[in-house]
Structures are given as structure tokens and as C-alpha cells.
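Peer 1: Below: one structure in C-alpha cells.
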Amino acid sequence: MHKDVVGKVRPALLVFSGAVGFVLLIACANVANLMLTRAASREREIAIRATLGAAQSRLVRQALTESVLLAVAGGVLGLLFASLGVDALRSSGLDVVPRLAEVSLDARVVGFTLLLSLLTGLLFGLAPALRFASDDLQSTLREGARGASAGAAARRLRDALVLAEVALALVLLVGAGLLVRSFQQLNRVDPGFDPERVLTYGVILPRAKYGEGSRLPAVYDALLERTRGVPGVRAAAVSTSLPMESPPYTTYSVEGRPEPRVGEIQDVQPFQVSPDYFRVLGIKLRRGRLLDERDGPQSQRVAVINVEMARRVWPGQDPIGAHITFDDPSDTAAVWWTVVGVVGTVAQEGLTAKPYAQLYRPIAQGESRAVWVSMRTAGDPLAAAAGARQALKAVDPDLPLNDLRTMEQRIAETVAQPRVSVALLGVFAAVALALAAIGIYGVVSYGVAQRTREIGIRMALGAKPADVLRLVIRQGMTPVAAGVALGIVGAFAATRAMATLLYGVSATDPMTFAVVAVFLAAVALVATYLPARRAMGVPPTEALRYE
């Protein structure tokens, strides 16, 4: 039962959880970089405090306290936004997560969020705290006085954080790109019918009121006659199932063929339909004829199959005139159905389902009480909804009309989860991209600010502005290039977990990887170029007076 309820959504939720973790790590890397920058700007203050007798443990506690306060404040603010987001998701009406209406920010979620905020504050505030505890603050301060970049160790740490941000962002962007391509492929799938301007609803004829099955064809005829009279309705049909609904399965036997061996299953999706069903849904005839008014209750038992069943059972042969039965073929009372036509295959169980053998019989020759009414309209199908209700009421005012929807809405429901997956992972990827770009820009800007005097000396000694531009961009893009390479490797491993969410595209699609890598590198280049251009425009005389 657990697998049946949440089995389909479990892979998507795991992917989203991973995406949330990646965004958190990117944000924490940004915070760590900002804290390192802030710690570097306070070195003189910390050195003076240490000289005046402040213990290293006190300086570390101060740094960690500031980091934890920021993290917890961010966690509280995040909970407020999350509350609004959960309310919006629950009120959206999207049935993409089981028991979504019961989701709330309870004490466990709040406690987990605050604990996670506390831990991230401690973890990513550790680098600046250890910097405060350095025994070589005076030496580092002298490095800064000479215009260097606040120490090689700090610069390597900042570059490593940028590398990690870029790698994590690339993994998320690749995942989002794969889902987008998968969704595009899904929208290109031919469902085997025309869903435009088709309105549908369900109705059940109770046995207590309508007795045996012999009365049902007359009720269906009356309902169809009333429905065809609704303004705007061009054609109407009744059927025991609709596309995008889970169909029944049954086994069958073919006349003149041996019975399947033990362990082999020869089954088909059986439907009972009125003659206009194929016209209403736009299912195309491939061979023979469709069901028509001649196929009444007392007529010869006939059936129409789809091309998939013809391919499986009669490969390279003409199935018209063949006989099949759903009874024991050795029984003299077995009912045999004659194949009179072949139609296209319908995506009965969803756009991603594999084609299956399908068989259509006249509903007048069956006894089904639970049916679907479908109608093709000239304009907006929902405009015929009121008329459809009146038509059913005219036949029997006690019959309830169930699940009134257009066929396009039914298809949209089957792709709701992929659409939400694309949207959510796209949001995560966009946030990750923005955070990575901000982080790269901040690190390069800080490096330029720290090296303003050095840049001035270079330009005073004859370096051209273009030389300075190339120097800054090369140093800024070096960790980015390493992050892109590492991210590609990580994406190859991570996207395999998304295989069940993809359709028509490989989890290691080279086009997606290449486009995302180039796009991320371009964004990083812009983030690096802006502070580099600012450094290029600093007059040497002003740079030499810096500090």
C-alpha cells in the first residue's frame, strides 16, 4: 500500500531534497566567503584586541556567535517564507503529492530547520573564527599594508568555495535542463487521439433501478440523443473507459491458434464503445471499418482492434475477419468476436506508457453500467457543460454527473507531476545560479579591492588596461573552470538518480551537459568581467594613494 500511494512520487521528492541540500550548500559557501571577507577587513581591529589581551578563545566565540546569529535569523525568515509557500502549494489544487493537504510546518519541521541553521552557522563560521585565532595576525596585517590580497591561504580558501558553488550549481542546472528536455519530449508525444474541444463526464446506472443489462442500450441511446441536441455539440459517445484512465485487462484466445503456454500472458485492454466514439475522440481508422449502427444487441459480435494488437497477434497479416474469444475456446458456448477494423493506438495509461493491445466492442452488445460520456463541441467544451447536465437530468433526474472535465484537462493531469518537477527544480537551479554568480562577483570584487595598489603599480610601470583585465579575469575564471569540470563529473553521477523522471532523453545527454556548462561559464565570465573592468579603469595615481 505504501508503494502504491507514494511510490511514483518518491524519486521526485528525493531529487528535490537533494536540490534543496545543494542550494543550502551554495548559500553557505557564499556566507562563508562573506564572513572571510569581513574577517579580513577586521584584521586590524582583531590585532589590536589581541594586543590588548583578548584571548583567542574569546575572539573565536565572537566570530561563531555572529555567524550563528545570522544563520538562525535566516532560518526564522526562511520558515516564514516556507509557510507562505506551503499554503500556496496546498491551495493550488495540484494533486501531485499524496496527502498534500495534510502537509504543514509542524514542530518537527521548525525544530529541524532551526537545528540545521545552528549547525550551518557553526560549520561555515568556523573558517573566519579560525582566522581570528591565528597567531600570525600581525604578519597578515603587514601583508595587507603592502597591498597584497590578505594572504595566499585565505585566497585559496575563497577560490575553493567558489569552485564548490560552481560545481553544485552546474549539477542543479544540468538536472533542470534534463527535466526541461524531457518535458518537451513528453509534449511532442502523439496520444493517438485529438483531445481538443472534447468534454467528458462519468455516470453509473444502478442495478436496483435499471435491472438487467438488456435495458441499458435504450438508456444509452436516449442519453446520446439528448446530448447531441445540446447547443455546440457536434457528436457524442458513451464508453466504458477514456484515454488517460486506468483500463481493465483481460485474456483472450485466437481461433486456430494454440493456447499460450503456462507462464505466458496474452492480454488486451478491452473497451465497450458506441459507434461515434472514434469520431468524438478523433481516433483514426487504419484498415477495415469502424463500429456503426448495424452492430446492435442482436447483431453479429464484432470488434475493432488497434495496430499494436494487429502487430503482436497477426504480424505481417491482415487481421480482418479473424475471430477471438474471451471465454474458454473449447467451450461450445464460447462467444467469438470477429475483427472488422483496425484503428490507431491510444495512449490509454498516459503519454509515457508503452503501447498496448486494445480492443473495442459495441457497447450495445455488453452490460456495462459505469460509463463515460464524451462529446465533441464546435467551440469551448466547457460552454456545453450546463447543457450536458440538463441532458442527463432529462434522461433521469436521479443520476449524478461525475468528474466533468475536458479531455485536455485529463491529459494535463497526467503531466502535472513532470510540470511541477520542471518548475521546482528550475527554481532551485535559478537560485543556485544567482547565488553562484553573486559569490563569484563578490570574491573577484574583493580581490580587486585588495589589489588596487598592486594594480596601480603595474599600470604605472607600463601595464595596459587590457593586461589588467586579462589578469583579473584569468584569476577569477580559474576556480570557475575547475568547478565546471568537477560539476560535470558530479552531474554524471547525480543525474542517474533522475532516470525514472525522464522521458525521451538520457540522464547523461551530452547536449544538455554542454549547453549548461557553456551557459554557466558565460554567467561566471560576466560576474568576473564587471569588477575586472572596474579595476581596469582605476587611474594609477589614485591607486598608488590607496589606503
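Peer 1: Taking 0.36 nm per residue of separation and subtracting the Cα-Cα distance, what length does fully extending GLN184 through ALA386 add?
Peer 2: On the way: separation 202, 0.36 × 202 = 72.72 nm, distance 3.49 nm.
Here the segment from GLN184 to ALA386 would lengthen by 69.2 nm.
Peer 1: Can you give the FRET efficiency to the nearest 0.05 for ARG311 and VAL20, using r as the Cβ-Cβ distance and R₀ = 45 Å?
Peer 2: Details: r = 45 Å, r/R0 = 1.01.
Working from the Cβ atoms, E equals 0.50.
Peer 1: Tell me the trypsin sites (Lys or Arg not before Pro) within region 448-547 that lie in a loop according to DSSP and have at most 16 other beta-carbon atoms within 10 Å.
Peer 2: On the way: sites: ARG451, ARG453, ARG458, ARG470, ARG474, ARG496, ARG533, ARG534, ARG545; in loops: ARG451, ARG545.
Answer in residue order: ARG545.
Peer 1: Next question. For ARG301 and LEU80 in the same chain, what is the full-extension length gain: residue separation times 0.36 nm, less their Cα-Cα distance, in nm?
Peer 2: On the way: separation 221, 0.36 × 221 = 79.56 nm, distance 6.47 nm.
Full extension of this stretch gives 73.1 nm more.
Peer 1: Classify region 293-363 as rounded, prolate or oblate from the Cα gyration tensor: take a ≥ b ≥ c as the square roots of its eigenvalues, call it rounded if a/c is under 1.5, otherwise prolate when a/b beats b/c and oblate if not.
Peer 2: Details: a/c = 1.81, a/b = 1.54, b/c = 1.17.
It is prolate, given that a/c is not under 1.5 and a/b is the larger ratio.
Peer 1: Please compute the modelled spin-label separation between HIS323 and ARG156, points set 7 Å along Cα→Cβ, answer in nm with one decimal.
Peer 2: 8.7 nm
Peer 1: For every helix of n ≥ 4 consecutive DSSP H residues, a contribution of -39,500 (n - 2.57) applies; sum these over the chain, divide by its total residues, and give [θ] at 222 nm rounded to the nearest 500 deg cm²/dmol. It would help to have the intermediate numbers written out before the result.
Peer 2: Details: 19 runs with 306 residues, N = 547.
It comes out at -18500 deg cm²/dmol, rounded to the nearest 500.
Peer 1: Can you list the residues, at least 5 places off or on another chain, whose amide H is less than 5 Å from the amide H of ASN306, using H built in the peptide plane?
Peer 2: Counting only residues 5 or more places away or on other chains, the set is VAL343, GLN358.
Peer 1: Please turn the phi angles of region 60-69 into ³J(HN,Hα) values with the Karplus equation 6.51 cos²θ - 1.76 cosθ + 1.60 (θ = phi - 60°), one per residue in order, whole Hz, x for glycine and proline.
Peer 2: My calculation for region 60-69 gives 5, 4, 4, 5, 5, 4, 4, 5, 5, 4 Hz in order.
Peer 1: Give me the Kirkwood hydrodynamic radius of region 206-398 in Å, from all C-alpha pairs, to one decimal place?
Peer 2: Values: mean 1/r = 0.0561 Å⁻¹.
Final number for the Kirkwood radius of region 206-398 is 17.8 Å.
Peer 1: Can you compute 3J(HN,Hα) from phi for each residue in region 433-450, using the Karplus curve 6.51 cos²θ - 1.76 cosθ + 1.60 with θ = phi - 60°, rounded to whole Hz and x for Gly and Pro?
Peer 2: Karplus values, whole Hz, x for Gly and Pro: 5, 5, 5, 5, 5, 5, x, 4, 4, x, 5, 5, 4, 5, x, 5, 4, 5.
Peer 1: Also: Under 5 Å between amide H atoms, partner at least 5 residues away or on a different chain: which partners does ARG234 have, H built in plane at 1.01 Å?
Peer 2: Amide H to amide H, under 5 Å and 5 or more residues apart or across chains, ARG234 pairs with ARG376, THR377, ALA378.
Peer 1: What distance in nm lies between label points placed 7 Å from Cα along the C-beta direction at LYS209 and ALA101?
Peer 2: Here the modelled spin labels are 2.6 nm apart.
Peer 1: What residues have an amide H closer than 5 Å to that of GLU349, excluding those fewer than 5 places away on the same chain, when H is modeled at 1.01 Å from N in the peptide plane?
Peer 2: MET244
Peer 1: Taking 37 °C and 0.692 mPa s as the conditions, I'd like the Stokes-Einstein D for the chain in µm²/s, using the Kirkwood hydrodynamic radius from alpha carbon pairs. Before the final figure, lay out each step's value.
Peer 2: Values: Rh = 29.0 Å.
Translational D for this selection: 113 µm²/s.
Peer 1: Note down the nm distance, to one decimal, between modelled labels 7 Å out along Cα→Cβ at LEU525 and at SER330.
Peer 2: It is 7.6 nm.
Peer 1: I need the phi-derived Karplus couplings for region 237-247: 6.51 cos²θ - 1.76 cosθ + 1.60, θ = phi - 60°, integer Hz, Gly and Pro marked x.
Peer 2: Each residue's phi maps through the Karplus curve to give 8, 10, 7, 7, 7, 10, x, 6, 10, 5, x Hz.
The numbers here are math on the coordinates, done by the rules we state, and not lab data. Keep in mind it's a predicted model, so treat the numbers as computed, not measured. In this analysis, Cβ positions are derived from the backbone assuming ideal geometry, glycine residues included, and neighbour counts consider all displayed protein chains.
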